[in-house]
Amino acid sequence: MKAKIKIYPKGRGREVYRVIAVDADVATFRDLCNFIVFDFELDSMFHMYRFVFSKNIWGGGPEIEKGSPDMNIVLSKYSYLPKTFYFHYDYGSDLLFVITIMSAPYKGEITAEDGIDLIKSVGDFQEDPDYDEDEDDDE
């Protein structure tokens, strides 16, 4: 199954977003995670992160956390995949990305080896615009 998906930081869906084409029979949750972390220029893969499949991100619904074997499942094989789900990154900064399946099936060709092609990129994302490295210095 191929689908077109929109990803954006919660509350900023008109100014900062990515639209991707995904081959859900090839792309894994790890591939989707890597795309989000690198394309939105997040700090690193060393932070905690998870995919959450209910609107209440702390509500105990289905989720896939960093380090889980489920990160290697291809998207089409995951039984809880709703039309909208979330990528929760760095629990301290509490960044939440909304992931919405816009259309399926997607009829275009997907050429990336990981099954994810960028279709459209709008806006730049700054992870923590108020962070000042000088504040951490112990002078």
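Using the rule -39500 (n - 2.57) for each DSSP H run of four or more residues, divided by the residues of the chain, the 222 nm mean residue ellipticity is -2500 deg cm²/dmol.
Evaluating 6.51 cos²θ - 1.76 cosθ + 1.60 at θ = phi - 60° for every residue in the stretch 56-68, the Karplus couplings come out as 8, 5, 9, x, x, x, x, 7, 10, 9, 3, x, 6 Hz, glycine and proline recorded as x. Computed on the chain, the Cα convex hull volume stands at 123 Å³ per residue. Counting only protein heavy atoms and a 1.4 Å probe, tell me what percentage of the chain's accessible area is made up of carbon and sulfur. With neighbouring chains kept in place, the figure for the chain is 46 percent. Once both labels are positioned 7 Å from their Cα atoms along Cα-to-Cβ, the gap between Ser44 and Ala112 label points is 2.3 nm.
Sites count as exposed loop sites when they are trypsin sites (Lys or Arg not before Pro), lie in a DSSP loop, and have at most 15 other Cβ atoms within 10 angstrom; the longest stretch of the chain without one is 15-54.
Here the Karplus curve 6.51 cos²θ - 1.76 cosθ + 1.60, taken at θ = phi - 60°, turns the phi angles of the stretch 13-20 into couplings of x, 9, 9, 9, 7, 10, 10, 10 Hz, with x standing for Gly and Pro.
Solvent-accessible area per residue in the chain equals 58 Å², computed with a 1.4 angstrom probe and all protein chains kept. For the stretch 1-80, the dipole from Cβ point charges (+1 on Lys and Arg, -1 on Asp and Glu) about the Cα centre works out to 340 debye, to the nearest 20.
Computed from Cα positions, the angle between helix 29-39 and the longest principal axis of the chain comes to roughly 50 degrees. Rounded, prolate or oblate: which fits the stretch 1-47, taking a ≥ b ≥ c as square roots of the Cα gyration tensor eigenvalues, rounded meaning a/c under 1.5, else prolate when a/b beats b/c? It comes out oblate by the Cα gyration axes. Would you mind checking Lys6/Lys77; Lys6/Lys107; Lys4/Lys66; Lys2/Lys55 for any pair whose Cα atoms are more than 22 angstrom apart? Correct reply: Lys4/Lys66; Lys2/Lys55.
The values are calculated or read from the model by the stated rules, or taken from the named source; none is laboratory data. In this text, all values refer to a predicted model and were calculated from it rather than measured experimentally. Reconstructed Cβ throughout: ideal geometry from the backbone, glycine too, with neighbour counts over all protein chains shown. Calculation scope for accessible area: heavy atoms of the full protein, side chains included, ligands and nucleic acids excluded. Shrake-Rupley method; radii C 1.70, N 1.55, O 1.52, S 1.80 Å.
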